1. Given only helices, namely DSSP H runs of n ≥ 4 each adding -39500 (n - 2.57), what is the per-residue ellipticity at 222 nm of the chain, to the nearest 500 deg cm²/dmol?
2. Which value in Å is the Kirkwood Rh of the stretch 243-341 over different Cα pairs?
3. Taking Cα pairs under 8 Å and at least six residues apart, what relative contact order does the stretch 4-340 come out at, in percent?
4. Given the stretch 4-340, what percent of its DSSP beta bridges are antiparallel, to the nearest 5?
5. Roughly how far apart, in whole Å, are the Cα centres of the stretch 123-176 and the stretch 51-74?
6. How long is the gain from Glu296 to Gln269 if the chain were fully straight, where each residue apart is worth 0.36 nm and the alpha carbon distance is subtracted?
7. With a point put 7 Å past each Cα toward its Cβ, work out how far Val61 is from Arg192 in nm, to one decimal.
8. Which angle between 0 and 90 degrees, to the nearest 10, do you get for helix 248-261 versus the longest principal axis of the chain when only C-alpha atoms count?
Amino acid sequence: MAKAKVAVVGAGLIGLSTAVCISESIPSCSVTVIADKFTPNTTSDVAAGMLIPHIFPDTPVHQQKQWFRETFDYLSGICNSSQASEAGIHLVSGWQIFKTIPEKKTPFWSDVVLGFRSMTEKEMKKFPQHKFGQAFTTLKCDCPPYLLWLEKRLKENGGYVHVRKIEDLWELHSDYDIIVNCSGIGSRKLMRDREIHPIRGQVLKVHAPWIKHFIRDGDGLTYIYPGIHDVTLGGTRQKDNWNLSPDPSTSKGIFDRCCALEPSLHTAQDVKARVGLRPSRSSVRLQKEILVRGSEKLPVVNNYGHGSGGFSVHQGTAKEATRLIKECIAVLEMSRCKAKL
């Protein structure tokens, strides 16, 4: 039986992690990642890469927790290996703080991260404008190292990468058996999905090597996330804003808010502004469909719409997408057998 040919459209975090998962779980198929942009020019490269879950309102909480746990366990394995430095995976401890006491003091993911607890009175003195806080240790993926590591792993597994802009998935029909759509915001055009929309994120990347702990305001708009080489300061959530140019007044607002939480940042060096468009919808679209054109059929597995929560669930959704691809391959093999008869 000929190898099933799978094309993954999109080379950001979701595309590459899904391609790697397919190549490791289904060695009987050939995997090619196709995209017009690869690292360091993807939306994923702008993200801080922190594993603190974003809530998808239309996805069951138990499903979100499973995806998060699978991702956390997967990255923990890398973090505890000799691959950690190359992959840009590291543990980071810190605080999530709130100006008003949240209704739920313990989030659904509290038993997945390490050492989750309420902050002490003494710790809260660092943040006099806040009334409540949570302390825990989580994982962080630094980009572009993580994306480069995924790409390398894919190639080691026999996969391919191809720089090409796809305007229509039918362009791939003659060369591939199954398409995996991980095009993020591109799905608005490719799948005519009007639910997906951009939420513009502007961040600052700064050199401040003394910052060792993360600080995140509970509203998610102000955060300080230390990485291996720089610190990410954020942020913004501007719905339906497609502007990819950094706004100086927004940068000043981010810097001032972060300095209010961590005054030592006033002396940070090499401040660079970055902008990314988060591909947002009320739930991740993770399902298979058959596109039909006349007598021709094109099996597609969709895995997109992760918004600001991609890093927290990417391995979990990659595993689910891979399961759907296995189902598509089984149908493909059955039809090939019938054709031979």
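Bear in mind these aren't lab numbers, they're just calculated from the coordinates by the rules spelled out. Keep in mind the model is a prediction, meaning the values are calculated, not measured. Cβ: placed from backbone, ideal geometry, glycine included. Neighbour counts: every protein chain shown.
1. Numbers: 8 runs with 101 residues, N = 341.
Helix contribution divided over all residues of the chain: -9500 deg cm²/dmol.
2. On the way: mean 1/r = 0.0556 Å⁻¹.
It works out to 18.0 Å.
3. Numbers: 691 pairs, mean separation 85.6, N = 337.
The normalised contact order for the stretch 4-340 reaches 25 percent.
4. Details: 46 of 67 bridges.
Just about 70 percent of them are antiparallel.
5. Cα centroid to Cα centroid, the span is 15 Å.
6. Values: separation 27, 0.36 × 27 = 9.72 nm, distance 5.69 nm.
Residue separation times 0.36 nm, minus the Cα-Cα distance, leaves 4.0 nm.
7. 3.8
8. The two axes meet at around 60 degrees.
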